[in-house]
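Data first, discussion second: the structure below is written as C-alpha cells.
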C-alpha cells in the first residue's frame, strides 16, 4: 500500500504572529516557518503504518513556494521515502488545494491519503473533506486511532459527544487529530539522508487546474486587548461597579 | 436569497446549535428553510416548526442517514441544494467536521 501525506509550510506555532500594518494579512517576513503540527502527526502515522508493514511507500506532498522544499525535507527526515512539491506563488485556498491533491492521487495511485485536520495558519479544516468528496473516497476525519485490517480501516474519531468508531474500505482519506500520536524527532543521520532522497517539483500550471480564489480576505485584525481588573474596597462599591461599569446587574 | 440550514439532531432531540445557526441565517436573509436528515421516520421537525424565522421544514428520510456519516449526508444535501437553494449553512458541530461542503450550487 502506498500512502500519500500532505504537509503545509506555516508560521511556527511558537511564533507570536503580528498583523500587517495595512491589515491585509499576517506578517510573514523574517518569521520562523515550520511544518503544520497536524501534518507532522500525519507524517508520523504514515511512517508508523510503514513500520508495522501495512505500507510499502510513504510520499510526502506539498503545495507552495520553493521554500516549501525545506518542509518536505523535514518530512523526509522523519522517514518519508520521497517528496513531491507543486510549486506556486499563488495563495491556494482549500478547494484549489483539494483539486491539486486529487491530481496527485491520479498520478500516484495511493491507497491511503493522510492529511492534518487543519492548518494552523487559516484554520480552515476543509481540504481533507473536499479531497474525499472530489475523489468520492470514504473519509475519516479527526482521527485519534487508526487500524488497518486488510482492505478496511477501523477509525476512531474525536467528535463533540465523545468518540465515534467507523469502518471504511480503502482507498480512503483520513485527517489527524492531536491525540493520534506524538511525532518523533528526526535523528541527525536521518536529516543527512533526507538530503539525498528524491524530491520532484511540478509547476502548478502543468497540472491545468482552476485554482481561482473563491473568497477574498477583507481585513485581518488583532483580537481586542483584554483590560485589567480593578480592586474595590466594599460590597457597596462592588454592586455599584457591577451596575454601572460591567452592566451585569440591572 | 434562499438559505438552507441543516438541522443537527440525534434522531430524538434537536441540538441547540441548530438554533444558533438559524439565527445566523436570519441575519443574512429572510427566506430560511431547514432540512432534517433522518432515518426510520425519526421526527424532530415538529420542534423546528415552532422556531421563529423558519419558513419550511424539509425532511429527507433514508436508512443510509442513520449514522449521520459524511458521505450519504453530502449526497442528500447536494440533491437538495441543487434543486432549491443558493446557499446552505450548517452548525460547526460534529457534522460540519466530517462533511464535505459541496452545497453551494454553481
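The residue A:170 and residue A:214 beta-carbon pair, evaluated with R₀ = 41 Å, returns a calculated FRET efficiency of approximately 0.85. The C-alpha atoms of chain A define a longest principal axis, and helix A:68-78 lies at about 70 degrees to it. Ranked by the mean number of other Cβ atoms within 10 Å of their residues, highest first, the peptides B:34-41, B:23-30 come out as B:34-41, B:23-30.
Calculated on C-alpha atoms, the gyration radius of segment A:71-128 divided by its Kirkwood radius gives an Rg/Rh of 0.95. When you count the other C-beta atoms within 10 angstrom of each residue and take the mean per peptide, A:11-24, A:161-174, B:49-62, A:98-111 line up highest first as A:98-111, A:161-174, B:49-62, A:11-24.
With the convex hull drawn around the C-alpha atoms of segment A:72-209, the volume per residue stands at 132 Å³. Dividing the summed -39500 (n - 2.57) terms of all DSSP H runs of n ≥ 4 by the residue count of the protein assembly as shown sets its mean residue ellipticity at 222 nm at -8000 deg cm²/dmol.
Against the empirical curve 2.2 N^0.38 Å, the C-alpha radius of gyration of segment A:105-165 lands at a ratio of 1.20.
Peptide A:41-51 has a mean shielding of 0, counted as Cβ atoms of other protein chains within 10 Å of each residue's Cβ. Compactness of the protein assembly as shown, taken as the C-alpha radius of gyration over 2.2 N^0.38 Å, stands at 1.14. By the compact-protein rule of thumb, 2.2 N^0.38 Å, the alpha-carbon radius of gyration of segment A:22-94 corresponds to a ratio of 1.28. Segment A:14-59 and segment A:188-202 have Cα centres lying 17 Å from one another.
Expressed as an acute angle from 0 to 90° and rounded to the nearest 10, what is the orientation of the C-alpha long axis of helix A:37-51 relative to the principal long axis of chain A? It is inclined by approximately 30 degrees. Per residue of peptide A:128-140, the mean number of Cβ atoms on other chains within 10 Å of the residue Cβ is 4. Averaged over the residues of A:162-175, the number of partner chain Cβ atoms lying within 10 Å of the residue Cβ comes to 1. The C-alpha atoms of chain A define a longest principal axis, and helix A:94-108 lies at about 20 degrees to it. Peptides A:138-145, A:210-217 ranked from most to least packed by the mean count of surrounding Cβ atoms within 10 Å: A:138-145, A:210-217. Remark: relative contact order (chain A) = 23 percent; criterion is Cα-Cα distance under 8 angstrom and separation of 6 or more residues. Take every pair of alpha-carbon atoms less than 8 Å apart whose residues are at least six positions apart; their mean separation over the length of segment A:108-250 yields a relative contact order of 19 percent.
Given a Förster distance of 51 angstrom, what is the FRET efficiency for residue A:24 paired with residue A:147, based on the Cβ-Cβ distance and rounded to 0.05? Result of the calculation: an efficiency of 0.70.
Every number in this text was worked out from the coordinates using simple rules, so none of it is lab data. Computed from a predicted model, the values in this text were never measured in an experiment. Backbone-built Cβ (ideal geometry, glycine too); neighbour counts: all protein chains shown.
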